[in-house]
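Every number in this text was worked out from the coordinates using simple rules, so none of it is lab data. What you are looking at is a predicted structure, and each value in this text was computed from that prediction instead of being measured. We place every Cβ from the backbone using ideal geometry, glycine too, and count neighbours over all the protein chains shown.
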Amino acid sequence: MNTITSIAVFCGSSEGAKSIYRETARELGLAMYKRQTTLIYGGGNRGLMGIVAESLHSQGGRVIGVIPEALHRSDICRHSVEEQLIVVQTMHERKATMYKLADAFVALPGGIGTFEEILEVYTWLQLGYHAKPVALLNTAGFYDCLLTFLQHSVQEGFLKPDHLKALIVESDIEKLFERLTLFESRLSDKL
């Protein structure tokens, strides 16, 4: 069983078209507080990213933002005495810092940046660079098309079935946390 004390959450800097995305972001922050789980995130005050952080922070939970110098502006960053903000030079440093601080990785709905971040940590899991759980919180079926594509990749011989099964996919937050703690990385060799 994994002890999950911190989760890197990747999600949109926009709120998305459906209110369920915002509701789920709030619920995730509350669920993290309930479990005394630290949020590791991109440091922004906008979109789903800001909602998760505010939801957790408003309850007294621990929030650590990691932001590159180029985005370290008052209109983008959250400002709070209680929140830790780590300013780094590059996006690569940002991701490396987030990956190092997190015990698990969860993606909510988002755009290209969200996809890139969650797929990178999923790739690192596949290659054996880490053994931390990687998950999609599949709110309102947001990730269904990606999952269809990943299944297609398995069928075409580019992704091993056990590597696809290693990606945790849940639409229910309670089940998501349960699967994060039960995750075991026993993947076949990538090559």
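Toward the positive end of the charge dipole of region 6-182, with +1 on the Cβ of Lys and Arg and -1 on the Cβ of Asp and Glu, the farthest Cα among 180, 115, 141 is that of 180. The length gained by stretching the chain between residue 17 and residue 30 to full extension, at 0.36 nm per residue less their Cα-Cα distance, is 2.5 nm. Dipole of region 6-182 computed with +1 at Lys/Arg Cβ and -1 at Asp/Glu Cβ about the Cα centre; of 153, 104, 33, farthest Cα towards the positive end is 33.
The antiparallel fraction among DSSP beta bridges confined to region 6-182 stands at about 5%. Rg and Dmax of the chain, based on Cα coordinates, read 15.9, 51 Å. Evaluated with a Cβ-only charge set (Lys, Arg +1; Asp, Glu -1), the chain carries a dipole of roughly 180 debye about its Cα centre, given to the nearest 20. Once both labels are positioned 7 Å from their Cα atoms along Cα-to-Cβ, the gap between residue 181 and residue 71 label points is 3.1 nm.
Relative protection proxy for 161-168, 176-183, from highest mean packing down: 176-183, 161-168 (other beta-carbon atoms within 10 angstrom). Kindly express, to the nearest 10 degrees and within the range 0 to 90, the angle between helix 19-34's C-alpha long axis and the longest C-alpha principal axis of the chain. Orientation of helix 19-34: about 80 degrees from the principal axis. Enter the angle in degrees (range 0 to 90, nearest 10) between the Cα long axis of helix 91-101 and the first principal axis of the Cα atoms of the chain, meaning the one along which they spread out most. Taking the Cα atoms of the chain, the angle to 91-101 is about 80 degrees. Taking each DSSP H run with n ≥ 4 as -39500 (n - 2.57) and averaging over every residue of the chain yields -13000 deg cm²/dmol at 222 nm. For region 6-182, the relative contact order is 22 percent, taking Cα pairs closer than 8 Å that sit 6 or more residues apart in sequence and dividing their mean separation by the residue count.
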